[in-house]
Amino acid sequence: MDVNMTYATQEMWTWWLAIYLYFGGLGAATLAVTFLTDMYLKPHRHLVIWGAGAGVVLLALGSLMLFGHLLHKSAVFHVLNPMILFNKPDAWIAWGTQFIIWMMVWGVLYALPDVRETQFPRRVPVIKNLIDQPFVIAIAKVVKHYHRGVGWLAVVNGVGVAVYTGLLLQSFPAVALWHNPAVPLLFTVSAFSTAMAFLLLLMYTLLHDQADEYIRVLYERIDLVLIAAELVILFSLYQYLKNGSESAVRSMELLWNDHGWLIGFIGFGLIVPFFLELKSMMKGWSTRVPIITASVLVLVGGYLLRHYFMYAGVYAYPW
């Protein structure tokens, strides 16, 4: 019996999920890179405070986007309930929610000793009153004793969140654009690239310290490699879609015929920052403006990747 197939662009997961995936990946990767820098490159109290604070806020905002869309209280309860992982181990939103919750817990705990030993957080009355509570002081002492262990718990959960953002999309077999092995890799690389860009922006503005030059240079070089990796993955994805099912071909046509994707994301979100950072690595810049510009472009490009991925998701169904 012949089966006719209908192809349509999905309209359920759009900009709100793009923001959730973007903030989740960026926040988690920022925390992971910040803590690894503090543990293995240079103890950096201010970077920990700003990086951890920003990462936790980004994760919280992303989660609010998801919970706001779920709306129904029972749906939110099921997502937050860790027991669902035993009953339905392929519930990727539930896995991601657990990773995000524990990422925020370990992130706050790791930064707690540094917050208590730094003056400027105490200027906020709420923070001052909280960190001077006896139980908080006791927790900070324990965390400081096991600081590296707490840091690694945060890093593992951070990598889990970054990978999960791609696995969530890959779990939809009807959408060929999402259901392929390149997606988790692409989203993970993008998450850490945007984290490098965010931390570079932070270190070139709020934490501008000449003694951190070697850290900034390392971040630039790592981001350069990550952008190159993204371009290779995107080329492979293009080949996969071009030779795939009709659903894949239609997604490819939507993406590679869209100026926002080609010029906005690939052009200004990847290629321009790549050459700005390549020039910095080879000959350097006389000012910090080019690297700040590259960082902003990478951050915008990271969102555009997820934005267009949502809108180009074409699914097929028989009738």
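A few points about this structure:
- Interchain or long-range residues, amide H under 5 Å from ALA312's placed H: none
- Cut-off under 5 Å, modelled amide H: who pairs with VAL175 long-range: none
- VAL272 versus PHE120: modelled label distance in nm, points set 7 Å from Cα along the beta carbon direction: 2.9
- What the Cα atoms of region 5-318 give is an Rg and a Dmax of 20.4, 65 Å.
- GNM on the chain, alpha-carbon springs under 10 angstrom: the most fluctuating residue among LEU167, LEU218, LEU276 is LEU218.
- Here r is the Cβ-Cβ distance between VAL156 and ASP132 and R0 is 30 Å; the resulting FRET efficiency, rounded to 0.05, is 0.45.
- Highest average packing first - 304-315, 245-256, 17-28, Cβ atoms within 10 Å: 17-28, 304-315, 245-256
- Label zone at MET282, where the point sits 7 Å out along the Cα-to-Cβ direction: region 202-237 residues whose backbone N lies under 12 Å: none
- LEU36-GLN239 FRET efficiency (beta carbon distance; Förster radius 30 Å; 0.05 resolution): 0.35
- Region 5-318: relative contact order in percent, alpha carbon pairs under 8 Å with at least 6 residues between: 26
- Sorting the segments 259-269, 182-192 by their mean number of nearby beta carbons within 10 angstrom, highest to lowest, gives 182-192, 259-269.
- At least 30 Å along the helix axis (C-alpha) and Kyte average at least -1.0, DSSP helices within the chain: 15-36, 45-70, 92-116, 147-170, 182-204, 213-242, 289-311
Values quoted throughout were computed directly from the atomic coordinates according to the rules given, and no laboratory measurement underlies them. Because the structure is a prediction, the values reported are computed rather than measured. All Cβ positions, glycine included, derive from the backbone under ideal geometry; neighbour counts span all protein chains shown.
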